[in-house]
Amino acid sequence: MQKNKKWGSKWLLVLLALALVVSACSSEKAEEPSAGGEGASKGGDDGPFEISISLNFDGQDIPEPDNPVQKAIEEYTNTKLNINYVPGNAYQERLSTMIASGDMPQVVASYGPPKQSFLLSAFQNDVFWDISPYIEEFPNLSKLNPIIYENVSFQGGIYGLPRERPLARDAFIYRADWLEKLGMKEPETIDEFYEMLVAFRDQDPDGNNQNDTYGLSTGNLGGSNPQPNMYAVFMGAPNVWEVDEDGKFTRDVFHPAYLEGLKFQRRLYEEGLMHPDFAVMDRPKIEGEFTTGKAGVLLNTTNTALTYEARLKQTIPDAEVSFFSILSANGEKRVPASLGSNGILMFPKSSVPTEEELKRILTFFDKLGDQEMVDLLAWGIEGVHHEIVDGKPQIIDHEKYDREVTYPYKFVLSVIAPDNLKTPGHEHRLVLKEIEVTTDNTNYLVNNPANPLVSQTQVERGGELEQIIRDANTKFIMGVIDEDEWKAEMDRWWSLGGEQIARELEEEWKKTQ
Amino acid sequence: MVYDRTLGNRIADGIIYTLLGLFALSTTVPFLYVLINSFSGTEDLWPKIWTLDAYRYIFSTDRFVRSLGVSIYITLLGTFLSLLSTSLLSYGLSNRNVPGRRAILLMVLFTILFNGGMIPTYFVVRAVGLIDTLWALMIPSMMSGFYVIVMKEFFQNIPDELKEAAQIDGAHELIIFLRIILPLSLPALAAFGLFYAVMLWNQYFSAILYIQDSQKWPIQVLLQQIVIQTSGSFGDSSAMSENMAFYGQSVRMAVVIVATVPILIVYPFLQKHFAKGVLLGSVKG
Amino acid sequence: MSVAAKTEKVQELSGLNRTSLLKRMWKVRWFYIFMAPGILYFLIFKIWPMWGVLMAFQNYQPVKGMWGSDWVGFRHFDRFFSTPDFWNLFRNTFLIALYDLIVFFPTTIILALLLNEVRHQVYKRLVQTLVYVPHFLSWVVVVGITYILLGSEGVLNKLGGLIGLERINFLFNPDWFRPLIILQLIWKDAGWGTIIFLAALAGVNVQLYEAARIDGASRLRQVWHITLPGIRNVIVILLILRLGNFLDLGFEQIFLMLNPLNREVGEVFDTYVYRVGILEGQFSYSAAVGLFKSTVGLVLVFIANRIAKALGEEGIY
């Protein structure tokens, strides 16, 4: 037995050593940049230029490559697109293996804001083109709001084209038919909002003589990035970070208005104006409360209202929704600004070896901002997605348009958001309102000065630290901890790393000044 | 097996049958709820409106039918490969006379405890040239060290006399394996075949990782996209929220049904192989 | 020591020199051929990528690759062990894993034994199929069902309200967290877990039962003296292997059940590393936590295997 055992473990050691040597060689090989396969594309001057693209995708059907929308894009831009759609929930892993293996197409989308450490390290190591010197050559790309570029920049470089979104588009989506029935008007202040929620709870807005409705359907979700507290910002708190002229950064939680915002939410919770289990509700549940007619208000982005109305109408044909973004407090209007983009499109140097090719690809995205392409992305194809009524376009079937145009092309491929530039047509009132509200919001933006800055501690431990704030907030709203205990948690956050983040932001900020 | 029909035994039967019945009921009701929900737009326990819309929607897309085909293909072929390689290795390991057996067992055990992770595995899959082929869904996860070791245990339970008798008759090892060992191991083959089949059927992450061509994606990718994704982050406007497609509750539930029922119905067909003692008894008797 | 182990020992003692080793190998050459595809598979797909374990000791950046990334020694382990919550995480993980082991694992065996006692074949197959169904529902669905049943306004609380009971906060009260996790686990996977035991039970020699019946052994005695010993080695092996993955818990389930109010008892290594390491794309940190868990598993398997052998079982190796 003894001898056999020895022999066995020796064998194992040899195997392991062999495996390590072999694998080391293989991993080394893998580092070679390989543009191969679909990455290789030499268009030449005559034929269409081939572009391979990897995109995160959250729609329903992945389109066939020869569909009319893609053909129209290819024809106008004189390209041949080879798009690889990756489901959004696995995109981050896909992205990191792409970077590790070097198997990258010519255009790669980032996963949300490009702040993950593996992306930042790729930027530092020159894996992607810094496009900042080229932007001004392109008429459409250069028109984009400089703040949007700045928000995705890293140490002075811009490593991809941002996909433009409205700077402030969070919306309180509410049941307009309920409000009308109760003889109320759209709330403009925090107090009016509170009154609306009370009325939704008490005055039987659905008219079924049962006490089965309530005010706000909300949840406790969100990624690891710090989120502004909407109510706190309305009441005067900063948008996550505040910086003074010396570059000293202060987190919103230490601003008195932040606690006021939490107290407002605590009041909503205590008075049954929101769901008692809000802290464990997931997305379908939160939406379900609203779309089945139990809750009267839901918080999401402006462009989602139309879908909610459609879903509500399936069960409650008379239902109508509307929305607003800002609730004023103390006579002042404020709304938190976000990055103004949804991820960036990056161009790996391994698959885009020359400046000439880079410019050719940038030209493609620039052309998507031309009127013809804007209208294609905003209206689809005539006779398929829209028809001309009284000389103006009108969407035939919103669902079909979303499935065939919005998800596969408009959301993921357009750098310039087409909505504000498109040829005017017959719009759904909610789409008109979306444009109106997001445009109006730009007058009251509260910026987050940390957006263009990168704090190493935030990148490494942000998720861990942010949880302290989130948990304390929820506990406070639910009345599990009191004001002093909440403040103690904020101090804990500060000492565990918050202070360090503030200091790093300050350093970065000073570099840019 | 026969028990005496004494009063005690009948009471015991009564208790056992009731307990099992209650448990089975508790597992069935929620599934029925999912089923009912797939036929209605609401979350009600008993919907007012019944509709086939969700199913009509799912089957109206080419993508769905195609990915169902992919799933069935990789599950059938993959299970065969997995079962063959696992039973061969386990059978070899069950023979205590094989020098080096312990080292191989330790290696297998080692792979259960430690793993290299996503990126190194990706390199291997790429190095062997499986990227963008359906083999990438069958080969990299072909064998589970866990199953190898447990299956070895099953082979060891087969009485040695059976093998020895055949060896004395001068039968080839391969013949012994195919004619004696495998037929005696039908319960184990059925169980591990089912485990592998379910594993193959449920995988989606490797599909996204190793396969670019969405035409080759199995059904679970679709399921994950619709059921899991929608429960992701919400109201996070700086991230991805607006990019999420909206699916009604009914579509979500219908997808759950359509993606699980095909693999679910495999089990009842395998159950006859679990019948107690039938095989050994017949061989010995 | 079992007869099998004894023969093994005798054979090993008899083959001490090299020629006899080669002879022995030649004798079982067909077994090597049988095993070749499997061994090759493990070498290529499991051992080859094993260099990823080394990531735990560096600051792995995909773009730099294995040899380009900086080596940082035990920095990630330092960070992990000095996390203020480390001991809390350890305790939470350990307790849930322990409950899993001493509640869930025996439950599957008992369920299998109960099923084994059912003689009515149609009823048996029906129950067997139905209890296996929930395994195929994803955790999202299972947790959703839990909320419908146990929420503040859930079915149970509504029923309780009708008979005047006070509302119970199942979802937020930390005391309910572990029981709920184990209950969900039993509900979802106990039926699935019986399959392996049912397969093992199929191998138990029926003649033993007949002999026992003639001896007048009671039903319980038959289970204790025939059925259980018949599947003992499978139980032991499964137990040892489970210990190898002791600290791996159903990540998705716990993650979905977590909320700010129960995090103090519910946060485990897997959910922590998901939030901190994986979501942020910090490969090295995730690898370090993984390596820690694997090492604990290794130690536990080693100990368990020793104990099994001391008790006369063959163990894994």
**Complete:** Note to self: with every protein chain in place and a 1.4 Å probe, the stretch C:189-252 gives an accessible area per residue in Å² of 40
**Request:** Heavy atoms only, probe 1.4 Å: what % of the accessible area of the protein assembly as shown goes to carbon and sulfur, would you let me know?
**Result:** 60
**Request:** Taking H placed 1.01 Å from N in the peptide plane, check which residues at least 5 places from A:SER54 or on another chain put their amide H under 5 Å from its amide H.
**Result:** A:ASN84, A:VAL107, A:VAL108, A:ALA109
**Request:** Kindly provide the pair-distance distribution of the protein assembly as shown built from C-alpha pairs, with 10 Å bins from 0 and whole-percent values in order of increasing distance.
**Result:** 2, 9, 18, 22, 21, 15, 8, 4, 1, 0
**Complete:** Over chain A, the sum of -39500 (n - 2.57) across DSSP H runs of at least four, divided by residue number and rounded to 500 deg cm²/dmol, gives at 222 nm -12500 deg cm²/dmol
**Prompt:** Can you give the accessible area per residue of the stretch A:330-374, in Å², using a 1.4 Å probe?
**Reply:** 34
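Is the stretch B:54-105 best put as rounded, prolate or oblate by its Cα gyration tensor, with a ≥ b ≥ c the root eigenvalues, rounded for a/c under 1.5, and otherwise prolate when a/b is larger than b/c, oblate when not?
prolate
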**Simple spin-label estimate for B:ARG179 and A:LYS181 in nanometres, 7 Å along Cα-Cβ** = 8.0
**Fill in**
Once the mean of 1/r over all distinct C-alpha pairs in the stretch A:127-227 is inverted, the Kirkwood radius in Å reads 18.0
**Prompt:** What is the set of long-range amide H partners of A:ASN220 at a cut-off below 5 Å, with H atoms built 1.01 Å from backbone N?
**Reply:** A:MET281
**Global size of the stretch C:34-139 as Cα Rg and Dmax, reported in angstrom** = 23.0, 65
**Solvent-accessible surface (1.4 angstrom probe) belonging to A:LYS71, in square angstrom, nearest 10** = 110
**Prompt:** Along the charge dipole of chain A, which of A:GLY112, A:THR363, A:VAL412 sits closest to the positive end, that is, farthest toward it, with unit charges on the beta carbon of Lys, Arg, Asp and Glu (+1, +1, -1, -1)?
**Reply:** A:GLY112
**Complete:** Semi-axes a, b, c in Å (a largest) for the stretch C:101-213, each sqrt of 5 times a Cα gyration tensor eigenvalue, come to 36, 15, 14
**Request:** Can you pull out the buried accessible area for chains A and B, both sides counted, probe 1.4 Å, rounded to the nearest 100 Å²?
**Result:** 5600
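Can you compute the FRET efficiency between B:VAL266 and A:ASN67 using 1/(1 + (r/R0)^6), with r the Cβ-Cβ distance and R0 = 41 Å? Round to the nearest 0.05.
0.65
Using the Cα gyration tensor of chain A, with a ≥ b ≥ c the square roots of its eigenvalues, what is the shape: rounded (a/c below 1.5), prolate (a/b larger than b/c) or oblate (neither)?
Judged from the Cα gyration tensor, chain A comes out oblate (a/c at least 1.5, b/c at or above a/b).
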**Asked** chymotrypsin sites (Phe, Trp or Tyr not before Pro), restricted to the stretch B:42-135: which are DSSP loop and have at most 11 other Cβ atoms within 10 Å?
**Response** B:TRP50
**Complete:** Plugging the Cβ-Cβ distance of A:GLU75 and A:THR250 into 1/(1 + (r/R0)^6) at R0 = 51 Å yields, to the nearest 0.05, a FRET efficiency of 0.45
**Request:** May I ask you to evaluate 6.51 cos²θ - 1.76 cosθ + 1.60, the Karplus curve with θ = phi - 60°, for each residue of the stretch B:65-81 and list the ³J(HN,Hα) values in order in whole Hz, giving x for glycine and proline?
**Result:** 4, 5, 5, 5, x, 4, 4, 5, 4, 5, 5, 5, 5, x, 5, 4, 4
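What's the buried accessible area, both sides, between A and C using a 1.4 Å probe, rounded to 100 Å²?
3900
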**Request:** Using amide H atoms built 1.01 Å from N in the peptide plane, name the residues 5+ places from A:SER341, or on other chains, whose amide H lies under 5 Å from its own.
**Result:** A:ARG165
**Item:** About the Cα centre, charge dipole magnitude for the stretch A:398-513 (Lys/Arg +1, Asp/Glu -1 at Cβ), debye
**Value:** 560
**Message:** Are there any GluC sites (Glu not before Pro) in the stretch A:163-221 that are in a DSSP loop and have at most 14 other Cβ atoms within 10 Å? List them by number.
**Reply:** A:GLU188
**Asked** In whole Hz, what ³J(HN,Hα) sequence does the stretch A:465-476 give by Karplus (6.51, -1.76, 1.60; θ = phi - 60°), x for Gly and Pro?
**Response** 6, 4, 4, 4, 5, 4, 4, 4, 4, 4, 5, 5
**Message:** Can you find, among C:PHE94, C:GLY230, C:GLN128, the residue sitting farthest towards the positive end of the charge dipole of chain C, where Lys and Arg contribute +1 and Asp and Glu -1 at Cβ?
**Reply:** C:GLY230
**Item:** Cβ-placed point charges (K, R +1; D, E -1), dipole of the stretch C:256-317 about Cα centre in debye, nearest 20
**Value:** 100
**Asked** If each Cα of the stretch B:32-179 is one equal point scatterer, what is log10 of I(q)/I(0) from the Debye formula at q = 0.16, 0.19, 0.21 Å⁻¹?
**Response** -0.99, -1.16, -1.28
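Quick check: net charge around C:VAL289, other residues with Cβ under 15 Å of its Cβ, Lys/Arg +1 and Asp/Glu -1?
-3
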**Message:** On a straight-distance basis, which aspartates and glutamates could pair with A:LYS392 in a cross-link, Cα separation under 18 angstrom, same-chain partners fewer than 8 positions away excluded?
**Reply:** A:GLU372, A:ASP375, A:GLU382, A:ASP419, A:GLU427
**Message:** What is the distance in Å between the Cα centroid of the stretch B:174-193 and that of the stretch A:342-393?
**Reply:** 59
**Asked** Points 7 angstrom from Cα along the Cβ direction at B:TRP50 and A:ASP202: gap in nanometres?
**Response** 4.3
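Going by a ≥ b ≥ c, the root eigenvalues of the Cα gyration tensor, does the stretch A:331-460 fall in the rounded group (a/c under 1.5), the prolate group (a/b larger than b/c) or the oblate group? Please list the in-between numbers first.
Working: a/c = 2.45, a/b = 1.18, b/c = 2.07.
Cα axes put the stretch A:331-460 in the oblate bin.
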**Table column - 3J(HN,Hα) (Hz), the stretch A:161-171, Karplus curve with 6.51, -1.76, 1.60, x for Gly and Pro** = 8, x, 9, 4, 9, x, 5, 9, 9, 5, 9
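Under a point-charge model restricted to the Cβ atoms of Lys and Arg (+1) and Asp and Glu (-1), what is the dipole moment magnitude of chain A relative to its Cα centre, in debye to the nearest 20?
1760
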**Complete:** chain C: relative contact order from alpha carbon pairs under 8 Å, six or more residues apart, as a whole percent, is 25
**Prompt:** For A:ASP246, what is the net charge nearby, where nearby means another residue's Cβ is under 11 Å from its Cβ and Lys, Arg count +1, Asp, Glu -1?
**Reply:** -1
**Message:** Would you work out the Kirkwood radius for the stretch A:441-508? I mean one over the mean of 1/r across all pairs of different Cα atoms, in Å.
**Reply:** 13.4
**Kirkwood hydrodynamic radius of chain C, Cα pairs, Å** = 23.8
**Item:** From the C-alpha gyration tensor of the stretch C:199-317, square roots of 5λ in Å
**Value:** 42, 18, 11
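Sort A:GLU466, A:GLU504 from largest to smallest accessible area, using a 1.4 Å probe on the heavy atoms of the protein chains.
A:GLU504, A:GLU466
Sequence gap at least 6, Cα distance under 8 Å: using those rules, report the relative contact order of chain A to the nearest whole percent.
Working: 799 pairs, mean separation 109.1, N = 513.
In percent, rounded to a whole number, it is 21.
Give me the accessible area buried between chains B and C, both sides summed, with a 1.4 Å probe, in Å² rounded to the nearest 100.
Values: alone 18080 and 20600 Å², together 29340 Å².
So the total buried area for this chain pair works out to about 9300 Å².
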**Fill in**
In the stretch A:282-334, the GluC sites (Glu not before Pro) that sit in a DSSP loop and have at most 10 other Cβ atoms within 10 Å of their own Cβ are none
**Item:** Inter-chain shielding of B:188-194 (mean C-beta neighbours from other protein chains, 10 Å cut-off)
**Value:** 4
**Rounded Å value of the spacing that divides the Cα centres of the stretch A:465-504 and the stretch A:248-315** = 21
**Prompt:** So how do A:HIS385, A:HIS426, C:HIS120 rank on accessible area, 1.4 Å probe, biggest first, that is with the largest at the start?
**Reply:** C:HIS120, A:HIS426, A:HIS385
**Complete:** Relative contact order of the stretch B:90-186 (C-alpha contacts under 8 Å, at least 6 apart) in percent is 36
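The values are calculated or read from the model by the stated rules, or taken from the named source; none is laboratory data. Quantities reported herein were computed from a predicted structural model and do not represent experimental measurements. Reconstructed Cβ throughout: ideal geometry from the backbone, glycine too, with neighbour counts over all protein chains shown. Side chains are part of the model used for accessible areas, which takes the heavy atoms of the whole protein and leaves out ligands, DNA and RNA. Shrake-Rupley method; radii C 1.70, N 1.55, O 1.52, S 1.80 Å.
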